[in-house]
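**Student:** Structure provided below as structure tokens; questions to follow.
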Amino acid sequence: MPLKFGTNNSVDRSWISGTKKLFGLFLFLVTACMSSAVLAKTDGELKKRLETLEARILELEARLESKGGQGDRNTASTDHGVGKEKLHDTVTVQSSASPAQTGNEFKKKPEAVGTRVANVEKPVAGAGWQDADGGGHGLDRKKFHGGVTLKQDAFFGFQTILDAEYEVLDNIDFTFYSWLWTSPNFGRSRVVSGPNGTQVDAGGNGLWTEVGMGLNFHFLNHALSINPQIGMLNGALLSSKIVGRGIRAGEGVVPSMTINYNDDHFTGQAYLAYYMAIRDERARDFIHNWISLGVKPALFNFKNIPVSSVGVHWEHLRFHKDRIEGNTGTVYNWIGPYIEFALPMNLALRFSAGADLKGDVSKEFYQASIKVHF
């Protein structure tokens, strides 16, 4: 009995040990299968998240491209179409990528995303009609230039002049200008009683205002330009029988011609304008003209000096027609030297002075101007 009992006990222990091993193997297999399922599920979630991230990145790129395209409307029909095709192709390729590629793509995505975002064109600062790429009205900033001049002289007083031009062909520019005359002598005047029975002329309304446009033709590699223009005069000088008694829009017209020459050593300008009354009494017409000739420091090998040019200035104003009293003749006839300085930030300062050969207004003249180029 003891021997038998011992034998059965040994068999039981062997069976239990084998059962434990089988059960352990079963648990190992079950755990391995569950781990594979969990890993597969995790990998699937990572793929979905990666696809979502890619879609968001593409959406952001599309928005940036859309904003950047607002400053480039003249090429929108071409560039936007190409952009949409590229965006569609990118989405198609990424959505059709095999799961085996996802792991490698995940490592490469940050670099690729950075490259794509860096290549997106930034919106142009201060987008407007004058942008170089044609934003707004579709005009090119590089073809537009001009300046604002603050000018004062012994006869006309203070004046503000805007002149600008826009290139329409290789050697032809469209030009326009505005000339604001501020002397009350050219505006509406009235006689008021002063102290002790004296009379005082007071003015300031209906100041002479000139606007016009034309074409500028360039020759000799833009060294020579000829600029005919036609302007409209507004105010109370030309058409009224008595100066200042009637303020009119379009009281006169002014055809003009400006010829400029500018090279490395010489500069010059000739100007001729006819101020013609066209309304009511058509009282008076004027002719205004000048010639300016100068040389540049480069002609004498002068360097590092702020002088742009020096020369001589001649200017003439003629009362050409008087339809009321018939009094015509020269108003002033100036001649004298000038000097022009080139300053930083596109500034130019010019001063001229000399003699008035007519001498009715004064024996001498002076004229100064400050111009800001843009």
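Computed from the coordinates by the stated procedures, all read-outs in this text should not be read as laboratory data. In this text, all values refer to a predicted model and were calculated from it rather than measured experimentally. Using ideal geometry, Cβ is built from the backbone for each residue, glycine included, and neighbour counts are taken over all protein chains shown.
**Student:** Compute the signed sum of charges (Lys and Arg +1, Asp and Glu -1) over the other residues within less than 12 Å, Cβ to Cβ, of Thr175. Please report the intermediate quantities before stating the final value.
**Tutor:** Details: positive: none; negative: Asp163, Glu165, Glu167, Asp173.
Local charge sum for Thr175: -4.
**Student:** Additional query: Could you go through region 214-222 in sequence order and give the Karplus-derived ³J(HN,Hα) for each residue, using 6.51 cos²θ - 1.76 cosθ + 1.60 with θ = phi - 60°, rounded to whole Hz, and x for Gly and Pro?
**Tutor:** Once θ is set to phi - 60°, the couplings for region 214-222 become x, 10, 10, 9, 9, 9, 6, 6, 6 Hz.
**Student:** Region 283-374: which GluC sites (Glu not before Pro) are DSSP loop and have at most 12 other beta-carbon atoms within 10 angstrom?
**Tutor:** Working: sites: Glu315, Glu325, Glu340, Glu364; in loops: Glu325.
Sites meeting the loop and neighbour criteria: Glu325.
**Student:** Enumerate the amide H contacts of Val331 below 5 Å, restricted to partners 5 or more residues apart or on another chain; note that Pro and chain-start residues carry no placed amide H.
**Tutor:** Leu317, Arg318, Phe319
**Student:** Taking the Cβ of each residue in Tyr338, Tyr261 as the centre, tally the other Cβ atoms inside 10 Å and list the residues starting with the fewest. Write out the running numbers ahead of the final one.
**Tutor:** Numbers: Tyr338 20, Tyr261 15.
In order of increasing Cβ crowding within 10 Å: Tyr261, Tyr338.
**Student:** Ranking Glu251, Glu65 by Cβ neighbours within 10 Å, fewest first, what do you get?
**Tutor:** Numbers: Glu251 24, Glu65 18.
Least to most surrounded, the residues fall as Glu65, Glu251.
**Student:** Can you check what the net charge comes to around Asn289, using other residues whose Cβ is under 9 Å from the Cβ of Asn289 (Lys, Arg +1; Asp, Glu -1)? Don't jump to the answer; show the numbers that get you there.
**Tutor:** Numbers: positive: Arg318; negative: Glu315.
Around Asn289, the surrounding residues sum to 0.
**Student:** Moving on to the next point. Step through the residues of region 333-346 one at a time and calculate ³J(HN,Hα) from phi using the Karplus curve (6.51 cos²θ - 1.76 cosθ + 1.60, θ = phi - 60°), rounding each to whole Hz and writing x for Gly and Pro.
**Tutor:** My calculation for region 333-346 gives 9, 9, 8, x, x, 9, 9, 10, 9, 9, 10, x, 6, 6 Hz in order.
**Student:** Do any of Lys142/Lys371; Lys151/Lys303; Lys296/Lys363 go past 26 Å between their Cα atoms, and which? Could the numbers behind the result be given before it?
**Tutor:** Working: Lys142/Lys371 20 Å; Lys151/Lys303 28 Å; Lys296/Lys363 30 Å.
Violating the 26 Å Cα-Cα cut-off are Lys151/Lys303; Lys296/Lys363.
**Student:** Could you tally the net charge around Glu165, taking each other residue with its Cβ under 10 Å from the Cβ of Glu165, Lys/Arg +1 and Asp/Glu -1?
**Tutor:** Details: positive: Lys143; negative: Asp163, Glu167, Asp173.
Counting the neighbours of Glu165, the net charge comes to -2.
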